[in-house]
Structures are given as structure tokens and as C-alpha cells.
Amino acid sequence: MPAGPAGGSPLPAAALGGGAANAGRGGRSGYGRAAARPPTAPDGRLTRLTRLALSAGPRGDGDGAGAGALRPLYLDVQATTPLDPRVLDRMLPYLTGCYGNPHSRTHAYGWESEAATERARRQVADLIGADPREIIFTSGATESNNMAIKGVARFYKSRKKHIITTQTEHKCVLDSCRSLEAEGFQITYLPVQKNGLIDLKELEAAFQPDTSLVSVMAVNNEIGVKQPIRDIGEICRARKVFFHTDAAQAIGKIPVDVNDLKIDLMSISGHKIYGPKGVGAIYVRRRPRVRLEPLQSGGGQERGLRSGTVPTPLAVGLGAACEVAQEEMEYDHKRISQLAERLVTKIMSEVPDVVMNGDREHRYPGCINLSFAYVEGESLLMALKDVALSSGSACTSASLEPSYVLRAIGADEDLAHSSIRFGIGRFTTEEEIDYTVQKCIQHVKRLREMSPLWEMVQDGIDLKSIKWSQH
């Protein structure tokens, strides 16, 4: 197995031939290439240093990482991304010596933390074309989504009690809407077409005189489709209805300008863009002004919308991640597109009866969801144990039910059960893609050979014509 868990513990700077600070486009080898392609001995085997570094995960009870154990390759960047070492470099001073509370106004410790927090706010705003005063730090996209949906709904509830969303939103959006239904709000859950995109005519038909908000995610976390955000923004603006988008999977990967796209509220996550976990942001438009009812009470930080001390190291990390993403976006997108094309072409040329879920044109290339007919997805995941993959959203992957996103696009239940999501990111290498493809093809063929359904299909039997007896 080729080494190179892009999401594994980075090698020591000395072993990589340069610190994280040198890991720009010119010197990215400090992490992206060297950490993903560790040093090998002349015969191609991993060096002892590399084996130790790759097994340097946490040593908790039952973590399975024995001495010298290799960690899997990481192809699950929709669940989370590794921390970019350039981001860690920016965070470190605020995790050690610069520990002041950014809301302490009476001494230098507070001032330096406040300056760092405000610089991070500008970095986030610059990435999306916003005013820094429109950026509110949160704990992540789940909190941002809750704030946007519940906050707008409750503030305007005396006049407007209708919200429009889609059936394929992230679970935190759907659950926020369900909790509002219990409060007496009316929610319209728009269906999506077979390609995963909404029908704009259905959206226009769903508006009511008391509609306060439309919430549609920019890039789907399971199938990678890009919704027509610009068109949705124009439709909402023409009707004077606020438009919220969950952009956790889009920010830093595709260009997003809140003014150009007429977005009024937007959710952002740090750990989806090579930043730290536990931090995110919500963009709240000032003109035309969007009003929210805060979810939590306290000291009135973040313009009264989100009380609580802003965690300076995490905010700095989010800001740095946004700055790096802005610099690297074009390069990353081109490279990830090439790797995605390589993976899909190789698998589909070698394995029949593979379906790509979601629209093939309107999509973010780094999120590939494939269904392998006549193969159980969980079995394939277990067979591919040396590659970190998933069968859908990390937020709902504990359930053995087929993905509600795949059900919404009309996928047959057996195909929904046979889906695997491949996540390609900034630090993924060609070698990792080739290894994953090779193993995937090998195990799909092996599992199909064990499947009586596959044998029946090879004999020309139409499985849908069979009346299965009930026992």
C-alpha cells in the first residue's frame, strides 16, 4: 500500500526538509507533497521514520494504532480536512503567549487578541466579498445554520411564518426547520430533480405572501452538486425574501461573492477549508439589513448576535484558512479536477454498472459519489480499510438507512445502499488516487463474484421482474 494519509499526522519539519511556514505554492512540499508522499527507502519501502510518523496518531485506549502501524490514505475531505500547516503557524502564538481575552479592553493582552480577531474577520470577509462587520464568528456551520434559520424566522414571526428549503439540505438545516414547524411555522421542502438540482419554477411557485426565508445549500456534502445560487438569489431579491445558503462545502473551493450572488445570510465552517475544528462564521447582510433573534444570551459579543468569548486561536485559524484558500483556489480547483477525472475515468472504464450520483456538469469535482450495483456499500468500505472513505454524510453515517439525499434524487434503494463517496482535497496525490482505484476495482470484482444477484444478471435475468417470496 502506498503511504500517504493526507489527513494523517504531518511529518516533523526536519524530515520534510522545511517548516510549515515555507509551504506556499512554491514550497508546498513542506506538507502537501512530502507529507502525502513520505520518504521511502531505495527499494520503495517506507523508511522507519516515515512508519513512526504515520502511526503518530493519538494513543488512546483501543485506537488500533499499534507501534509502526500505517494509517489509511485519507479521501474523506467532505467530512473534515487536515489542518494546513500555514494555518497552524498563524494559530500557535495565540495558543501560547498571546492568550488575552479579545474583549478585555484595559490591557495589551486583550488588545493584541482583539487585533488578531479583527484581522481574521477581514480575511473571512475578503474571501466572500463582504464587509468585515457582516461576519459573525460561531462554533461552526451547524450553529450558523441554526442562527440563520431560527433567527430570521423568530424575528419576523409576527408578519411572516413561511420558509422554503430543499429535501437534500444538511441535517442541521432540516432539523432546524422541523423545530420551527413545532413552533407553528410552515415549511416547504422542495424536491430535487434526478440530477440533484432544484427546479427554479417549483421554487417560484412555492413563494407565499408571508415567506421570510429561502435556504438552499451551495454545494451538497454527499453528491457534490452545485445549486444555481445566482438564479435563486435573484428570485429571492425580486420578491424581497431573504436568501440563506449553507456554503460549508463551497467556501474556499469555488468563487463565492455575496453581493454578486445576492446572498443575505451564509454559513461557513473552518474545518472544511483546512482550518481548525470548532470554529465557523455566519455572514449577515447589512444592506438591505437582515435582522436575527439571537439563539443565546450573554455578554452581547459579536454585535449582540452571538454572546460568548470569541476563541482567538480558532478565529485566527479560520481567517488564515480563508486567506490561504483565496491564494490557492484556482490552483487547487484545477488540480482536484484532474485527479477527480482520473479516478472516475479509471473506475468506470474497468467496472461496469457504476452510477455517478448527481449532475455531472453542475458539481464540485472534489466530491464524487459512485454507486456500485450488486455490491453492498458497507462491505466495500470494510474491504477498502486502508483508504478512509465514507458512504455518505459523517453526520448520519452511524445509520444503516440509505442516504436521504440519494433517496431524494430517486436512486433505487439497492443503489443507494451501494454508494461510496470519494473526497479529493488539497493534499491528495496521484499515487493515492491510483492506489484507491486499483483497490476499488479489485474489491468490487471480488464482492460481485460472491453475489448471487450478480450471477443472475450475468445470466440475463431481469431482477426487477422477479417476485421475491416473503418468509
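Rolling a 1.4 Å probe over the protein heavy atoms gives segment 275-368 an accessible area of 45 Å² per residue.
Remark: segment 455-462, residue by residue, has Karplus-estimated 3J(HN,Hα) of 5, 5, 5, 5, 7, x, 7, 7 Hz, where x stands for each Gly or Pro and the curve is 6.51 cos²θ - 1.76 cosθ + 1.60 at θ = phi - 60°. Loop-located trypsin sites (Lys or Arg not before Pro) in segment 232-280 (DSSP state not H, G, I, E or B) with no more than 10 neighbouring Cβ atoms inside 10 Å: Lys240.
Using 0.36 nm per residue of separation minus the Cα-Cα distance, give me the extension gain between Met456 and Gln296 in nm, one decimal. Computed gain between Met456 and Gln296 is 51.8 nm.
How much length, in nm to one decimal, is gained on full extension between Glu350 and His107, taken as 0.36 nm per residue of separation minus their Cα-Cα distance?
Details: separation 243, 0.36 × 243 = 87.48 nm, distance 6.53 nm.
Full extension of this stretch gives 81.0 nm more.
The relative contact order of segment 200-328 comes to 18 percent, based on Cα pairs under 8 Å that sit 6 or more residues apart.
Could you work out what % of the accessible surface of segment 85-325 is carbon and sulfur, using a 1.4 angstrom probe and leaving DNA, RNA and ligands out of the count? All intermediate terms of the calculation are to be shown ahead of the outcome.
Numbers: 4660 of 9240 Å².
Answer for segment 85-325 is 50 percent, counting heavy atoms of protein chains only.
Residue separation times 0.36 nm, minus the C-alpha to C-alpha distance between His362 and Tyr331: what's the value? Before the final figure, lay out the partial values.
Numbers: separation 31, 0.36 × 31 = 11.16 nm, distance 1.94 nm.
Result: 9.2 nm gained on full extension.
Sorting Arg133, Arg287 by accessible area puts them as Arg287, Arg133; the probe is 1.4 Å, largest comes first, and only protein heavy atoms count. Solvent-accessible surface (1.4 Å probe) assigned to Ile251 amounts to roughly 0 Å². Where Lys and Arg each count +1 and Asp and Glu each count -1, what net charge lies around Leu339 among other residues with Cβ under 12 Å from its Cβ? Spelling it out: positives minus negatives among the neighbours equals -1. The residues Asp246, Asp257, Asp386, sorted by heavy-atom accessible surface at 1.4 Å with ligands and nucleic acids left out, run Asp257, Asp386, Asp246 from largest to smallest. Applying the criteria of a DSSP loop state and at most 12 other Cβ atoms within 10 Å to the trypsin sites (Lys or Arg not before Pro) of segment 172-209 yields Lys194.
Between their Cα atoms, which of Lys385/Lys439; Lys160/Lys201; Lys201/Lys253; Lys334/Lys439; Lys160/Lys240 are more than 18 Å away from each other? Result: Lys160/Lys201; Lys201/Lys253; Lys334/Lys439 exceed 18 Å.
The values are calculated or read from the model by the stated rules, or taken from the named source; none is laboratory data. Fair warning: this is a prediction, and the values are worked out from it, not measured in the lab. Here Cβ is always computed from backbone atoms with ideal geometry, including for glycine, and neighbour counts include all displayed protein chains. Side chains included, ligands, DNA and RNA excluded: accessible areas come from the protein's heavy atoms. Shrake-Rupley method; radii C 1.70, N 1.55, O 1.52, S 1.80 Å.
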